[in-house]
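What follows is a short report on a single structure.
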Amino acid sequence: MTPRERARESNLLAPPTSARVAIMADETEELPERRFAWSDMFVHHDDDPRADGDWDNTERAVLTGFLADRRLTLELKCADLDAEQMARPSVPPSDLSLLGLVRHLAGVEQYWFRQAIAGERVDRLYVDDEGEDLAFTVEPDPGVVAEAWATWRSEVAYAERLVEDTPDLGQLGRGRPVPLREVLVHLIREYAQHLGHADLLRERIDGRVGQ
């Protein structure tokens, strides 16, 4: 390989200038120390509200139990954070934040239970008139955080009532012909995916880690 070829290959493999500057900035940034609450858990087992199994041996109990635990985990991962921390994005250029996740998951709950299953015709949460998703467009405002949690809890409560009042998990939705059991599985998958994001976001904020 000629010197020119080696130089060309080196330039191709090297990150762009902007990326190199970002890497250097990250190396000088003071990072939080990783810490567990107890063993490898996010909270001590005496304070953990999740069931983590031991449900009745029925499809309904297992599906709703897993989903309930995933919802509780979202709340745990956001516990004791102020508005700035909740709205803090992960790393440029991503706009991912814990506050954005709460808003996004409120919209997911609304769509699948209120619209797809119940068939309600309501405006989508955090979507503008042009159809643009604004869930992750957030500000470090305590009022915005409070509204997000209130909306998310309202949609969760609606979903729980709907599932409780529907005896057949094979019931097809009025808004979309999808069975309720499939929606429950979809929500478990959706939460599991975003709780992985929440793990990293929380660790980046204050170093707190754990299941």
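A few notes on this one:
- Of all residues in the stretch 90-109 being among the hydroxyl-bearing types (Ser, Thr, Tyr) and within 16 Å of Leu134 (Cβ to Cβ), the one that is farthest from the chain's Cα centre (by Cα): Ser94
- Conditions (1) surrounded by fewer than 18 Cβ atoms within 10 Å (Cβ to Cβ); (2) modelled with pLDDT of 95 or more; (3) on the phi < 0 side of the Ramachandran plot; number of the one not met by Val145: (1)
- Condition met for Ile205 (surrounded by 15 or more Cβ atoms within 10 Å (Cβ to Cβ) and more than 16 Å from Leu81 (Cβ to Cβ)): no
- Val156 meets all of the listed conditions (1) closer than 21 Å to Arg71 by Cα; (2) touching a Gly at 6+ places or on another chain (Cβ under 7 Å); (3) not small (Gly, Ala, Ser) but one, namely (2).
- Output for the stretch 146-159, where each listed residue is within 18 Å of Arg181 (Cα to Cα) and free of Cβ contacts under 8 Å to residues at least 40 places away in the same chain: Ala157
- Screening the candidates Thr137, Thr151 for the property of being among the polar types (S, T, N, Q), closer than 15 Å to Gly100 by Cβ and touching a helix residue (DSSP H, G or I) at 6+ places or on another chain (Cβ under 6 Å) yields one hit, Thr151.
- Residue that is farther than 20 Å from Val183 by Cβ, of a type in the set (Val, Ile, Thr) and either surrounded by fewer than 19 Cβ atoms within 10 Å (Cβ to Cβ) or at pLDDT 95 or above (or both), where the choices are Val163, Val108, Val138: Val138
- The residues of the stretch 54-69 that are in contact with a helix residue (DSSP H, G or I) (Cβ under 7 Å, 6 or more places away or on another chain) and in a loop (DSSP other than H, G, I, E, B) amount to a single one, Trp55.
- Test: residue in the stretch 151-159 that is among the hydroxyl-bearing types (Ser, Thr, Tyr) and either in a loop (DSSP other than H, G, I, E, B) or more than 13 Å from Ile117 (Cα to Cα) (or both): yes
- Tabulated pairs, the stretch 105-133, first within 14 Å of Val163 (Cα to Cα), second part of a loop (DSSP other than H, G, I, E, B) and among the aliphatic types (A, V, I, L, M), C-beta under 8 angstrom, 6+ apart or interchain: Gln110/Val122; Gln110/Leu125; Arg114/Val122; Gln115/Val122; Ala116/Val178; Ile117/Val178
- Leading residue by the ranking (farthest from Asp69 (Cα to Cα)) among those in the stretch 167-209 that are assigned to a loop (DSSP other than H, G, I, E, B) and among the β-branched types (Val, Ile, Thr): Val178
- Among the residues of the stretch 83-103, those identified as buried (at least 16 other Cβ atoms within 10 Å of the Cβ), of a type outside the set (Val, Ile, Thr) and in a helix (DSSP H, G or I) are Ala83, Gln85, Met86, Ala87, Leu98, Leu99, Gly100, Leu101, Arg103.
- Test: residue in the stretch 2-20 that is at pLDDT below 95, among the aliphatic types (A, V, I, L, M), surrounded by 11 or more Cβ atoms within 10 Å (Cβ to Cβ) and not in a helix (DSSP H, G or I): no
The values are calculated or read from the model by the stated rules, or taken from the named source; none is laboratory data. The shown structure was predicted, so the numbers you read here are calculated from the model rather than taken from an experiment. A quick note on method: Cβ atoms are made from the backbone with ideal geometry, for glycine too, and the neighbour counts reach across all protein chains shown.
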